[in-house]
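These notes concern the structure reproduced below.
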Amino acid sequence: MKVILDADVIADFYKDNRTGIFRVTYELFRELSQHDAIETSYSHLSLFNHQTSTEELDVFFGENSIKINGANQRAKRKFLPLRKEKLFKYLYEKIGVSEFKNTFFNNAFEKADIYHSFYYPVNQKVRKYSNLKKVVTIHDLIPVLFPNLHYTSRFIEKIIASIGKDDYAICVSENTKKDLLRYAPQINPDHVFVSLLAASKSLFYVCDNNDKFKSIKEKYNLPDKYFLSVGTLEPRKNTDFVIRSFLKFIKENEIDNLSLVLVGTKGWDYDKIFEEYNNANALKDKILFTGRVPDEDLASLYSHAHSFYYMSLYEGFGLPPLEAMQCGVATVTSNTSSLPEVVGDAGIMLDPTDEVSLRKTMHELYTDDSLRQTYAQKGLERSKLFSWKKSADDLVAIYEKISKS
């Protein structure tokens, strides 16, 4: 079976902003490109980013040992008059002309069975190939279900609207599948599948290297004992709630040897988070923002945390709790959306609006090391159920069902 994988997410984000969706796509490219049951190639049509050529993408794949060939070429146009002038740039954009030109290797598209986009709507140029079964991954419907918690509702609406009656969707959790079918009842439920995600075993593991942690502590000015939370600083992640609960917990119990470390970049509408921080007054030194942390530092940060807190209001899947469990950290999450599918009974799940329960849980984990170790071990065992190889195997099984339908 021949499958074309849409590489536009990788092309758009590999240079700088490596989002969660980038990481998912990257890991699946690694696994699928070497899977024995399918023959893969990639398309690079780039609906959104106009700065990456196929040649650059080939270099990236080569540097990361991803052996996959392009189904088309994308190269910079040799001649595009006044391409840098504002008016002409606007006109070119309106008529759909970019600085790059896509050249199709027609026999690759004509001979393939499946075309899979990991995020973006299927490119209209692909639609003319009737032999291709078109598949789109749906990561979540948060922007359209909770527009107050996100800002990309129009784009998600566009992705969902692009799924035609003969197309297929792959959701990253059962909860996301349920959300999709409720929101878009016109989609054939027999055309919607679920394939769970995973956390990289090479990036997220129990890192007990003391020398490594010593350098990490110095790099981020970490305290000896800390609670950890990882996620973009934005309303959906409920970070202000975690800060508020933590500050009340240490104040009520007169705890002086514990800090809250918050890992993640600023997203949008993060004023409430920093209001809570500023209201901490004398306890401000107990809250530490690291900003974005490189992938290679995360295992040590996770592994040496006292416990991990992820009180997100809604998730499509929820990678950070899985990463934390895989690093052997007692994990506390919300009991909403897809998170129970990820954590199961291996973590403590709470109502993300129940401050009393969160403070009580913080106290129990802080004072009962046996309980903390129990959940750390449970998390490790639970995390073994997830791997990118299993995710890729699941996708191949779905491709086979789609191909035969």
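The values are calculated or read from the model by the stated rules, or taken from the named source; none is laboratory data. Quantities reported herein were computed from a predicted structural model and do not represent experimental measurements. Quick reminder, even Gly has a Cβ in these numbers, built from the backbone with ideal geometry, and neighbours come from all protein chains shown. What goes into the accessible areas is simple: the full protein's heavy atoms, side chains included, and nothing from ligands, DNA or RNA. Shrake-Rupley method; radii C 1.70, N 1.55, O 1.52, S 1.80 Å.
Residues that are touching a helix residue (DSSP H, G or I) at 6+ places or on another chain (Cβ under 7 Å) and at pLDDT below 90 within the range 46-74 comprise Ser46, Leu47, Phe48, Asn49, Thr52, Gln73, Arg74, listed in sequence order.
Checking the structure you have, find out if any residue of the range 96-109 is modelled with pLDDT of 70 or more, under 30 Å from Thr232 (Cα atoms) and not basic (Lys, Arg). Among the residues of the range 96-109, not one is modelled with pLDDT of 70 or more, under 30 Å from Thr232 (Cα atoms) and not basic (Lys, Arg), which makes the answer no.
On inspection, Phe155 fails the criterion of being open to solvent by less than 10 Å² (accessible area, probe 1.4 Å), of a type in the set (Phe, Trp, Tyr) and in a helix (DSSP H, G or I). Screening the range 24-42 for residues that are without any contact (Cβ under 8 Å) to a residue 60 or more places away in the chain and either open to solvent by 10 Å² or more (accessible area, probe 1.4 Å) or among the hydrophobic types (A, V, I, L, M, F, W, C) (or both) and picking the one that is nearest to Leu319 (Cα to Cα) gives Tyr26.
Residues of the range 380-392 that are of a type outside the set (A, V, I, L, M) and part of a helix (DSSP H, G or I): Glu381, Arg382, Ser383, Trp388, Lys389, Lys390, Ser391. Against the test of being at pLDDT 95 or above and outside any helix (DSSP H, G or I), the options Leu247, Leu260 yield a single qualifying residue, Leu260. Please verify whether the range 383-396 includes one or more residues that are surrounded by 20 or more Cβ atoms within 10 Å (Cβ to Cβ) and closer than 25 Å to Lys225 by Cα. Yes, the conditions are met somewhere in the range 383-396.
Per-residue answers, yes or no, for (1) in contact with a strand residue (DSSP E or B) (Cβ under 7 Å, 6 or more places away or on another chain); (2) assigned to a loop (DSSP other than H, G, I, E, B); (3) open to solvent by 30 Å² or more (accessible area, probe 1.4 Å); (4) modelled with pLDDT under 95:
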| site | (1), (2), (3), (4) |
| --- | --- |
| Pro321 | yes, no, no, no |
| Val332 | yes, no, no, no |
| Val342 | no, no, no, no |
| Thr353 | no, yes, yes, no |
| Ser357 | yes, no, yes, no |
| Gln373 | no, no, yes, no |
| Lys378 | no, no, yes, no |
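Within the range 164-182, if we keep just the residues that are in a loop (DSSP other than H, G, I, E, B) and more than 20 Å from Glu400 (Cβ to Cβ), the residue that is least open to solvent (accessible area, probe 1.4 Å) turns out to be Ser173. Checked against the criterion of being without any contact (Cβ under 8 Å) to a residue 12 or more places away in the chain and more than 14 Å from Asp8 (Cβ to Cβ), the range 119-128 has at least one qualifying residue.
If you filter the range 3-34 down to residues that are among the hydroxyl-bearing types (Ser, Thr, Tyr) and modelled with pLDDT of 90 or more, you find that the one that is farthest from Asn123 (Cα to Cα) is Ser33.
Among the residues making up the range 183-219, a single one is within 14 Å of Leu301 (Cβ to Cβ), of a type in the set (S, T, N, Q) and assigned to a loop (DSSP other than H, G, I, E, B): Asn209. Looking across the range 263-308, the residues that are open to solvent by less than 40 Å² (accessible area, probe 1.4 Å), under 27 Å from Gln377 (Cβ atoms) and either assigned to a helix (DSSP H, G or I) or touching a Cys at 6+ places or on another chain (Cβ under 9 Å) (or both) come down to Asp297, Leu298, Ala299, Ser300, Leu301, Tyr302, Ser303, Ala305, Phe308. When residues in the range 99-140 are screened for being open to solvent by less than 20 Å² (accessible area, probe 1.4 Å), small (Gly, Ala, Ser) and part of a loop (DSSP other than H, G, I, E, B), 1 of them pass.
Per the listing Glu254, Glu234, the residue uniquely farther than 16 Å from Glu355 by Cα, open to solvent by 10 Å² or more (accessible area, probe 1.4 Å) and within 17 Å of the chain's Cα centre (by Cα) is Glu234. How many residues, within the range 130-142, are over 15 Å from the mean Cα position of the chain (by Cα) and either modelled with pLDDT under 95 or small (Gly, Ala, Ser) (or both)? The qualifying residues number 1. Just one residue in the set Pro147, Pro185, Pro223 is open to solvent by 20 Å² or more (accessible area, probe 1.4 Å), farther than 29 Å from Phe386 by Cβ, free of Cβ contacts under 8 Å to residues at least 12 places away in the same chain and in contact with a Ser or Thr (Cβ under 8 Å, 6 or more places away or on another chain); that residue is Pro147.
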